[in-house]
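Chemist: Okay, here's the structure, questions in a sec.
The values are calculated or read from the model by the stated rules, or taken from the named source; none is laboratory data. Please read these numbers as outputs of a predicted model, since none were measured by experiment. A quick note on method: Cβ atoms are made from the backbone with ideal geometry, for glycine too, and the neighbour counts reach across all protein chains shown.
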Amino acid sequence: MKTLKNRREFLKISAASALGMMVLSPLACKSGAGVDKKSFGVGLQLYTIRDAMAADAIGSLQKVSDMGYKYVELADYSNGMFYSYAPAEFKKIVNDMGMEILSSHTQVEAAGITIDNAAKMADDHAALGAKYCVQPWVEEVDRNIESYKRMIGDWNVVGSKMKDVGIQFGYHNHNFEFANIDGVIPYYDIFMPEMDADLITMEIDMYWVTKAGQDPVEMFEKYPGRFQLFHFKDMAEKSAPFYEVVKDDITSVGAGLIDFKRIYAARETAGMKHLFVEDDNQGNGKPFEAIEISINNLTNDILV
């Protein structure tokens with residue numbers, strides 16, 4: 001843990017982001033020579049390649065498509081634009097490459113949101129064609145019981161506005177939601193009971209729940225049907241549960257210690273509809289090599 005803490009980097013996502021996701025087709029064939037990997041419906045959270053997207057969004061998206069990813073979850077929404085493109089324009093760029101936009105990460109800060117702003121956010125994501133919009137992060141200063149309760153109230157409002165335009169709002173966890181605050185475990189004692197299950201689905205990140213000492217399958221059994229979105233990222237090192245956002249050992253899906261086959265086998269209990277790859281560390285300097293390993297492991301082993 002000392003090595004991890006000495007090298008830690010706190011995950012930062014701008015006030016309006018987006019993700020890359022995957023829909024898993026029940027008809028997907030076993031991977032192999034000549035098999036179209038897109039038939040598996042694997043998606044990518046574009047935060048994984050954020051530097052490449054900032055330098056060359058179109059070229060980066062083409063690489064993602066060429067690898068066989070079918071869906072993307074965005075991570076850059078600001079002032080009504082996605083990666084500096086208008087919603088309809090960015091949608092066309094992605095569609096022309098044979099991919100689809102499934103989801104977008106969009107930050108709702110603790111300071112709150114007005115009804116007008118929530119409606120604007122919903123309209124922009126509807127124009128994008130996204131099926132999901134997800135709250136991805138809570139700032140460290142706001143990780144307390146009072147702020148969590150206030151924010152969840154705002155998220156329920158956003159979820160209602162999203163539902164009006166046919167979009168499902170969601171929440172993406174890290175590990176800090178499982179830290180004990182004076183006998184309260186926020187994820188179980190605040191998030192799950194106070195989030196309207198119809199308005200907010202959970203986007204479960206397998207790396208972070210594992211780092212927090214949680215078992216994803218046990219979570220599915222406790223709250224069946226509430227986890228429509230899966231984030232698959234793997235970990236290279238086993239450690240005691242911890243709650244700081246330290247992520248030095250993230251590795252490609254299937255290259256680490258997490259039993260994704262077991263988790264995937266419980267998808268019906270979870271209520272899973274879509275699954276995507278994410279690597280917060282951008283492949284430790286080799287983002288495209290890392291996501292290629294992930295999709296190969298998924299289509300050759302984990303999903304078959």
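Chemist: Can you pull out every residue in the stretch 282-301 that is farther than 18 Å from residue 61 by Cα and crowded, with 18+ Cβ neighbours inside 10 Å?
Modeler: If the condition is that a residue be farther than 18 Å from residue 61 by Cα and crowded, with 18+ Cβ neighbours inside 10 Å, then 297, 298, 299 are the ones that fit.
Chemist: Taking strands (runs of 3 or more DSSP E) that fall entirely within the stretch 1-114, which contain at least 3 residues that are surrounded by fewer than 17 Cβ atoms within 10 Å (Cβ to Cβ) and at pLDDT 50 or above?
Modeler: Details: elements: 43-45, 71-74, 100-105.
Of the strands (runs of 3 or more DSSP E) lying wholly inside the stretch 1-114, none has at least 3 residues that are surrounded by fewer than 17 Cβ atoms within 10 Å (Cβ to Cβ) and at pLDDT 50 or above.
Chemist: Sticking with this structure for a sec: Test of understanding: among 138, 158, which residue is assigned to a loop (DSSP other than H, G, I, E, B), buried (at least 22 other Cβ atoms within 10 Å of the Cβ) and without any contact (Cβ under 8 Å) to a residue 60 or more places away in the chain?
Modeler: Every option except 138 fails the conditions.
Chemist: If you go through the stretch 166-184 one residue at a time, how many are part of a loop (DSSP other than H, G, I, E, B) and surrounded by fewer than 16 Cβ atoms within 10 Å (Cβ to Cβ)? If you could, list the steps in order and put the result at the bottom.
Modeler: Of the stretch 166-184, the ones part of a loop (DSSP other than H, G, I, E, B) are 166-167, 173-175, 179-180, 182-183.
So of that shortlist, the ones also surrounded by fewer than 16 Cβ atoms within 10 Å (Cβ to Cβ) come out as 166, 180, 182-183.
The number of residues fulfilling the criteria is 4.
Chemist: Still on this structure, I have one more. Output the number of residues of the stretch 261-277 satisfying the condition of being crowded, with 18+ Cβ neighbours inside 10 Å and touching a Gly at 6+ places or on another chain (Cβ under 8 Å).
Modeler: 5
Chemist: Also, quick follow-up: Looking at 88, 119, can you tell me which residue is over 29 Å from residue 277 (Cβ atoms) and of a type outside the set (S, T, N, Q)?
Modeler: 119
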